[in-house]
Each structure stands twice: as C-alpha cells, then as structure tokens.
Amino acid sequence: VATRNIHLTGILYSHYDSYAVKRVPSGISPVIAIDKKAAKPLYRQLYDGYRKAIVDGNVRAGQRVPSTRVLAQELAISRMPVLSAYAQLLAEGYFESRVGSGTIVSRLLPERITAVRTSNAPPARISPERRRLSKRCSTLPSAEGFYRRRGLGPFVVSQVAAEHFPLQAWNRLMTRHSRSMHARSLDFGDPMGLKELREAIAIHLRTARGVRCEAQQIMIVSGSQQGLEITARALLDPENRVWMEEPGYNFARSVFAFMRCRVVTVPVDTEGLSVAAGMRKWREARAALVTPSHQYPLGVTMSASRRLQLLDWAERYGSWIIEDDYDSEYRYESMPVTSLQGLDRNSRVVYIGTFSKVLFPSLRLGYVVIPTDLVERFLAVRFAMDISPATFHQAVLADFVREGELARHIRRMRLLYAERRSALIENLRNELGSFVEIAGAEAGMHLCVMLKGISDREMAVRAARQNLHLLPLSPFYAGNAPQQGFILGFGSTSVEEMPDAVRKLRIVLDSR
Ligand SMILES: Cc1ncc(COP(=O)(O)O)c(C=O)c1O
C-alpha cells in the first residue's frame, strides 16, 4: 500500500488517496458547479459544494466519495484544489477515511446536519387538485397489502415449498451461465424470449398440457401478469366488455380496469364459468378470462361441455378467450386435464402460463402462447412496453427444463404438496367438522373453505391479531353476493405445522 503524504497549507494529507493493492471503488462525483473565473478559490468552491450536497441530503452518510484524481479529472481542474478541499472536509469531520478503503462521507455527522431536507415530500402549499393523476391510475387498488402478506406463516397463498427447491441444481446452472457470459450476451435479447427456452417450453406444453403450439408462438414474459397486460393491450380497447369469473382473480381485474375495459362478472358453478349466464349478461363481449384447469379462487375444473360451449361462443361472436393456466402441473386425484387451448380449432385462445407456482415467484418468468396470426402484433406491443425480456435467467431456466430438472421437480413437489394438502384437509375435518365445506382441493397449492354465517374479513382481522394471516374469499367477488370463506395456501406449510395452524384457525372461528 503506497499512502502518500502531501503537505499543503499546513495540513497533512494522507489516506484519502491510498493506492491499495485491493482496488478501492470510486464514488460518484457529485454535481458541484465550478466557476474557474470566479474570485472564490476553486478549493473553497469545492468545499462549499460538498458541504451543501451533504446538508441537502444529496450526498449521504457512509457514501463513498470519488478519489481526488477522478474528481479532478471529471471537473477538468488540477488536483491541488481537490486535495485541499478534501483535507478541509476531512479535518472538519465531514469525511472519514481509512487506509485501503477510501474516503466516505462521515457516518458520525450530527443529525442536525444530515436530517435536514432528506425527504422528497412535495411542498405543503401545492393543493391536491394541482397534482392530477390519470383516472385509471387513481382507481387502481393499493398494492400495500401485498407486502404485508408475504412470508407470514401458514396458509399464505402463492408461496411455494422454497426449502425443497433444488437450489444445488439451479446454482450449478447459474454458475455455468455466468461463467460463459461473453460480449455478445450483453446485447438486447430476442423480443419473443430466448429461443432455447421457447423450444423447451413448447415441448413441455405440447406433452404435459396438450397445448397446440410451436416455439415461434411462445413469448416469454415476466410472469403471467405481464402476459395478461400484453394480451389485454393487443386485443382490447377501452369500453370493451370482458367476461371475468365471479369470484375471480383480482390481479387480472386490475389489468382490465387499467385498460378501461368493462368487466362483466359471470358466475362460476360446479362446471366452471357459466357460458349461458355470460351470454345473458353480455353476449358480444370482446374476451373472456378463464382459469379452466383450476378456477381461481374456487378451484373448480371446467367441464368438457362448458369448454366446448365457451369455444363455440368465442367463434360465433368473434371473441377471444384468455386461458390463465397458472398451477395445473399439480393435480392430485386425476390425470392432468388438457388445456382449453388444445381443444380450440379456431385460434381463439391465448394461453398464459407461469413458473411462479411450479418453480418460484421471484423468478418472474412466464409465457404466452399466441395464435400464429397475432404474433407480430403482440410483438409490437411488447416492444412498446419493455423491448425484450432479460436474458440471463431464461438461459438458466432453458437448461433446467432441458436437463430434466423441471420434470423431476414437478414429480417431487406433486408428492410433497399432496401430503400437505391431505394434512390440511384432515386437520380441517378434525377441528371444524361439518361446519366447514372444502372446495377446489383437486389441484394447485391452495383450497377454499366456505363458511356460513360469518364475515370473513372481520375474522381475518381478528386472526391477524393472533398472528394468523388468512386470505378472505369475499373480496374476490365483484358483485354484491359474495360467499364467505378463506383461501388457504398449503404450499409453504409443512405437514408438522398443519395441526397447530388449523387449531389456531378454529380458535379464531370459535371466538365469534
Ligand atoms: C390466477 C392466478 N394467475 C396467475 C398467477 C401468477 O402470477 P405471476 O405469474 O404473475 O406470478 C397467480 C398467482 O400467484 C394466480 O393466482
């Protein structure tokens, strides 16, 4: 380590420009206006500029500052005034410096200096009427509850058995791909998604889901939510009517609301969405969003005759069917049902799938199977949104699928989730007996318990006080006749945890 000591204006300079063997990362240069013609000396301009940046909260405690060499270069001035300014800031305790780790803004600055003006709140005198948002933005539901629900013990919906994920295999593929990054990997990816991944998904979907598709029709998206957004933008205009299952997937409702479409709620019965009811309500709707493999949230599987009726309706009225097939890899009591898309002979179905349930949700990867003649237009929409999906994790996932890890994981998880599901049902029966009706347990990672004579929202609030986080069913109804109950996830709740969790649920229900 070569530390230089330079004497200037009587102050000993040391440390802050050390040439350590370890490379010290340089900080970002702050915006400091330097006037080379001003009477005020350059070192003073720099000193004042830095102090102001710190006091204004633009440069904060602990933040690395650029080396004197870098700052001098960027400001196109000699290094001397920079050295002087840094020495002064160091001497007055604005900066601190350690050999080998460079100079940072002092972490010991008094609060009264750093706490000033670090908030970005708009000035109080601006009235809300002068801060207009788009109507469609103002009416979207808040996302804050989403953060509160994550990682909160048993029954949380959409959580997978993370501790059983084959991280070793995943990390091996991550390492393989990070080692083989090359200059070409840095360019934009294919806007449809990585070819190898699309080919692997096409094989999986044709085989396991009976989807009629080629890799050219598959667009990789960041989860089914983006798939839905792209589909809605490609197919729908404001004021178009869209059939949605009642109860239905709230996140999808937000997409249609954002498009300013009119949602027509269509009841779900034991055979799935009632096509006849939909026709009575709004026959010429532009599209229908359905979850035929495992209706969300009730869990019904759409019957064969309903599937044919729905396809027939779509063809007759020139409507689109959006099939959200989010968790059908896990089926417990029967063979997997084939997709609705696989029955369609008129290219009326857009099929959307996701890796959120089958692998893990932070992956943010899903896919849309687009009717061949619409691929070019969907691509134009994707281009207007995010150009192309990030490449790295697609490459990892492509190998994960191609090397049989996905199929192996599905087989293992099907057994694990089947056990968790049985444990949940058994404990529900033991604790709640005839009070409870269980629905939708044939597939996926959640089931519904329907309850009579209670308010599920009120119970959920009560349960939260006991640290039990329950997802009430009634908010998934848009109409005014909601059923009461809870959607219980069992993906991340072990068999051992189940008795206690269900007992806690019973105690909450007993406290009515
Ligand atoms: C009905 C439904 N569709 C899709 C998803 C997955 O969405 P994404 O792929 O955006 O994570 C979920 C939930 O997690 C869901 O419940």
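Bear in mind these aren't lab numbers, they're just calculated from the coordinates by the rules spelled out. Model, not experiment: these values are computed from the prediction. Cβ coordinates were reconstructed from backbone atoms using ideal geometry, including for glycine residues, and neighbour counts include every protein chain displayed.
Residues 270, 354 in ascending order of nearby Cβ atoms (within 10 Å, fewest first): 270, 354. The angle separating the long axis of helix 405-432 from the principal Cα axis of greatest extent in the chain is about 70 degrees. Less than 5 angstrom separates the built amide H of residue 103 from those of 65, all sequence-distant by 5 or more or on a different chain. Close amide H pairs (under 5 Å, H built 1.01 Å from N) link residue 354 with 367, residues at least 5 positions away or on another chain. Net length available on complete extension from residue 403 to residue 58 is 119.3 nm, with 0.36 nm assigned per residue and the Cα-Cα distance removed. Ranked for footprinting exposure by Cβ neighbours inside 10 Å, fewest first, 293, 127 give 127, 293. Of 135/281; 281/504; 281/357, which pairs sit farther than 30 Å apart, going by alpha carbon to alpha carbon? Too far apart for the 30 Å limit: 281/504; 281/357. Database remark: amide H of residue 288 closer than 5 angstrom to the amide H of 243, 320, 321, 322 (H placed geometrically; neighbours at sequence offset of 5 or more, or on other chains; Pro and chain starts carry no H). Reported value for the stretch 267-318: 69 Å³ per residue, from the convex hull of its C-alpha atoms.
Sort the stretch 161-292 into rounded, prolate or oblate with this rule: let a ≥ b ≥ c be the square roots of the eigenvalues of the Cα gyration tensor; rounded if a/c is under 1.5, and if a/c is not under 1.5, prolate when a/b is larger than b/c, oblate otherwise. Note, shape of the stretch 161-292 comes out prolate. A simple spin-label model places pseudo-atoms 7 Å from Cα toward Cβ; at residue 208 and residue 28 they are separated by 4.2 nm.
Semi-axes of the equivalent ellipsoid of the chain are 54, 28, 26 Å, computed as sqrt(5λ) over the eigenvalues of the C-alpha gyration tensor in descending order. Listed values for the stretch 166-180 are Karplus-derived 3J(HN,Hα) couplings in whole Hz (6.51 cos²θ - 1.76 cosθ + 1.60, θ = phi - 60°), namely x, 4, 5, 5, 4, 5, 4, 6, 4, 5, 3, 6, 6, 6, 9, and x replaces Gly and Pro. This ranking places 511, 303 by how few other beta-carbon atoms lie within 10 Å of each, fewest first, which gives 511, 303. Our helix-only sum for the chain, with -39,500 (n - 2.57) per DSSP H run of n ≥ 4 divided by its residues, gives a mean residue ellipticity at 222 nm of -11500 deg cm²/dmol. In order along the stretch 435-440, the Karplus-derived 3J(HN,Hα) couplings, from 6.51 cos²θ - 1.76 cosθ + 1.60 at θ = phi - 60°, round to 4, 10, 10, 9, 10, x Hz, and Gly and Pro are given as x. Positive-end ranking of 434, 335, 388 along the dipole of the stretch 330-445, with charges on Cβ about the Cα centre, is headed by 388. In order along the stretch 40-49, phi translates into HN-Hα couplings of 5, x, 4, 5, 6, 4, 5, 4, 4, x Hz, rounded to whole numbers, per the Karplus curve 6.51 cos²θ - 1.76 cosθ + 1.60 with θ = phi - 60° and x for Gly and Pro.
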